[in-house]
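Chemist: First the structure, then my questions, so here it is.
The values are calculated or read from the model by the stated rules, or taken from the named source; none is laboratory data. Computed from a prediction, not measured in an experiment: that's the story for all the values here. As a convention, Cβ positions derive from the backbone with ideal geometry for all residues, glycine included, and neighbour counts pool all protein chains shown. Only protein heavy atoms, including side chains, enter the accessible area calculation; ligands, DNA and RNA are left aside. Shrake-Rupley method; radii C 1.70, N 1.55, O 1.52, S 1.80 Å.
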Amino acid sequence: MADNGRQPLLGFNRRIDEESNISSDKDRRRKIIFGVFGVSLILLIGFTLGATIYARHGSRNPSGKRNVILMISDGFGPASETLARNYHQYTNNLPVGTQLPLDTILVGSSRTRSSNSLVTDSAAGATAFACGLKTYNGAIAVDPESKPCGTVLEAAKEQGYLTGLVVTSRITHATPACFAAHVGSRASENDIALQEIGNYALGRRVDLMFGGGNCQFRPNSDPKSCRADGLDVFSMAKNAGWSVLDDHQHFQSLKASDARLPLMSLLAVDHMPYEIDRDPENTPSLKEMAVKALDILTHASDKDAKGFFLMIEGSRIDMAGHNNDPATHVREILAYNEAIAAVKAYVDEHPDTVMISVSDHETGGLSVGRQGDPRKYPEYAWKPDALTGVKKSTEVIAPAIVAKQNDTSFITETVLKNWMNVTDATTDEIENLTKTTSVGDLTNALGDILSKRAQLGWATHGHSAVDVNLYAYGLNAARLAGNHENTEISDFIVRQLGLNLEAITIKLRSQNIGQASVRHETGPLKIRHYHTD
């Protein structure tokens with residue numbers, strides 16, 4: 001007997017078969033009518049959707065301009081993002097599932113080894129992004145034979161794009177240097193400063209520089225200088241046409257329409273302050289610098305440039321990791337995520353733009369969990385409370401202890417209770433802080449006091465070999481999905497902007513890039529040899 005639930009369906013199908021010949025002509029007419037109507041409807045929807053997208057992204061330019069924003073989170077590994085997300089959720093009483101801006105654009109991961117080590121440094125890591133090749137630790141945009149390699153920034157400028165560097169480190173530090181200089185050692189920051197303003201074989205390639213490290217631009221007669229020579233690089237830059245913003249007030253008040261490229265604003269003698277120590281009245285945040293740079297480059301590129309290449313680095317995430325300072329580390333990551341959110345908003349309004357965010361390496365070997373008493377089974381927890389009340393970085397606290405000659409009262413009342421929110425310091429911890437006179441050792445001891453209470457672990461004060469997260473958003477971002485060698489980030493940028501790194505490399509080597517021309521204030525071009533230490 002036929003199944004009752006299936007019988008009506010069979011009967012309906014049989015009637016259709018019997019009537020099919022009679023209705024075939026009518027069906028054909030209906031198909032033609034509905035087909036024409038369907039195509040018209042699809043075209044109408046497509047046109048409406050396209051108009052909506054164009055209205056939302058009114059900046060889409062039929063000229064084919066493209067922008068690439070490469071964001072580098074120095075020393076930032078996968079555990080650091082977990083740390084920051086947990087901390088953000090906890091301190092703001094947010095529900096489980098709340099994401100940070102970076103979490104929303106995760107596409108893959110990047111492998112980080114250099115040519116001579118499984119654990120890279122920032123110089124080799126940034127050279128991979130800039131030149132698309134592996135090199136030795138310490139190398140600034142040179143290959144393993146110390147020969148210069150063309151960078152994506154140099155090639156972008158060659159092709160008619162505007163270029164910029166925004167960092168929270170010295171502008172001559174390893175990462176920014178790798179995009180605009182070529183030296184055998186990252187220690188050669190005096191030479192890097194000269195090349196960044198255009199005193200080398202290719203001439204000026206950078207249009208905008210924001211960050212710290214103005215000591216590298218001051219003559220050694222200046223008490224704030226860190227140069228070994230008497231060159232006044234600021235004066236040299238001004239003579240070469242650079243606009244120089246020398247304080248926060250000028251930086252804040254500058255409008256994009258009034259900015260004159262090339263432009264630099266180096267607002268700290270050394271690295272810029274950590275976010276936890278930053279005075280917003282005196283120092284811009286990474287987000288503020290990023291937004292200012294984007295506004296200026298966008299306005300300037302509207303005239304005749306193809307678009308721009310901008311590198312933005314959250315430099316001090318790494319340095320907090322070196323210090324194993326969890327409270328400072330987490331705030332640097334949150335500040336970087338704020339910058340990410342601002343750049344994402346920019347990409348939404350400029351659909352010819354892609355943002356890439358990646359780390360050169362992980363620092364500290366961070367684990368979000370820690371074995372306390374080795375004789376007991378570990379607690380499955382980590383405690384953000386231990387970080388919420390911390391007011392200063394260990395980098396600031398350690399010198400303050402030394403300046404107070406390791407005064408016990410200062411350590412217990414001001415440092416531990418007020419600045420670090422530690423009210424349960426042990427006798428051994430206090431005694432160690434009173435007897436340790438090295439700033440470096442004090443920095444490590446202070447970081448350990450916080451990490452133990454937060455139940456966070458660190459494997460090293462250096463880098464690790466762990467793969468790092470890869471994030472992307474905007475035009476062709478999906479092409480970065482998966483696990484990539486760090487050199488493939490450069491390959492993507494080359495394709496995105498239509499660059500020719502080989503041509504730049506040939507030009508560098510053919511013009512004797514082993515030497516850099518230096519224009520003195522009152523004299524002709526002279527020659528300086530690179531340091532190769």
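Chemist: When the solvent-accessible surface of protein heavy atoms is calculated with a 1.4 angstrom probe, in what order do V183, V291 fall, highest first?
Modeler: Numbers: V183 0, V291 55 Å².
Ranked from most to least accessible, the order is V291, V183.
Chemist: Return the long-range amide H neighbours of G77 (sequence gap of 5 or more, or a different chain), with a cut-off of under 5 Å between placed amide H atoms.
Modeler: Amide H to amide H, under 5 Å and 5 or more residues apart or across chains, G77 pairs with T363.
Chemist: For a paramagnetic label modelled at 7 Å from the Cα of Q249 toward its Cβ, which residues of the stretch 267-288 fall within the zone defined by backbone nitrogen distances under 17 Å?
Modeler: Hits in the stretch 267-288 for Q249 at 17 Å: 267-268, 280-284.
Chemist: For A481 and H299 in the same chain, what is the full-extension length gain: residue separation times 0.36 nm, less their Cα-Cα distance, in nm?
Modeler: Details: separation 182, 0.36 × 182 = 65.52 nm, distance 3.14 nm.
Additional length available on full extension: 62.4 nm.
Chemist: Can you figure out the FRET efficiency of A400 with A345, using R₀ = 30 Å and their beta-carbon distance, to the nearest 0.05? Write out the running numbers ahead of the final one.
Modeler: Values: r = 38 Å, r/R0 = 1.28.
Given R0 = 30 Å and the Cβ-Cβ separation, E is 0.20.
Chemist: If you take every residue apart from G462 with its C-beta less than 12 Å away from the C-beta of G462, what net charge results, scoring Lys and Arg +1 and Asp and Glu -1? Don't jump to the answer; show the numbers that get you there.
Modeler: Numbers: positive: none; negative: D121, D318, E362.
In short, -3.
Chemist: If we sort 324-332, 114-122, 426-434 on the protection proxy, mean other Cβ atoms within 10 Å, highest first, what's the order? Please report the intermediate quantities before stating the final value.
Modeler: Numbers: 324-332: 28.7, 114-122: 18.6, 426-434: 14.4.
Descending packing order for the listed peptides: 324-332, 114-122, 426-434.
Chemist: Further question: Where the accessible area of the stretch 384-455 is counted over protein heavy atoms with a 1.4 Å probe, how much of it, in %, is carbon and sulfur?
Modeler: Values: 1510 of 3320 Å².
Answer for the stretch 384-455 is 46 percent, counting heavy atoms of protein chains only.
Chemist: In nm, give the distance between the simple-model label positions of E431 and K147, each being 7 Å from the Cα along the Cα-to-Cβ direction.
Modeler: 6.1
Chemist: Also: In nm, give the distance between the simple-model label positions of D279 and N418, each being 7 Å from the Cα along the Cα-to-Cβ direction.
Modeler: Taking the simple label geometry, D279 and N418 are separated by 1.6 nm.
Chemist: Counting heavy atoms of the protein chains only and a 1.4 Å probe, report the per residue accessible area for the stretch 116-228 as a whole number of Å². Before the final figure, lay out the partial values.
Modeler: Details: 2570 Å² over 113 residues.
I get 23 Å² per residue for the stretch 116-228.
Chemist: Please list, or write none, the lysines whose alpha carbon is within less than 19 Å of the alpha carbon of K255, excluding same-chain residues fewer than 8 places away.
Modeler: Of all the lysines, those that pass the test against K255 - Cα under 19 Å, at least 8 places apart if same chain - are K287, K292, K303.
Chemist: Which order do the peptides 463-475, 497-509 take when ranked by the mean count of other beta-carbon atoms within 10 Å per residue, highest first?
Modeler: Working: 463-475: 21.4, 497-509: 18.2.
Going from most to least packed, we get 463-475, 497-509.
Chemist: Counting only protein heavy atoms and a 1.4 Å probe, tell me what percentage of the stretch 188-286's accessible area is made up of carbon and sulfur. Provide the component values of the computation, followed by the final result.
Modeler: Numbers: 1560 of 3750 Å².
That fraction is 42 percent.
Chemist: Still on this structure: Would you mind computing, in nm to one decimal, how far apart the modelled labels at N220 and Q371 are, each placed 7 Å from Cα along Cα→Cβ?
Modeler: The modelled label-to-label distance comes out at 5.0 nm.
Chemist: Sort the following peptides by mean Cβ neighbour count (other Cβ atoms within 10 Å, averaged over residues), highest first: 148-156, 130-138. Let's see the in-between values first.
Modeler: On the way: 148-156: 28.0, 130-138: 22.9.
Result, highest mean Cβ count within 10 Å first: 148-156, 130-138.
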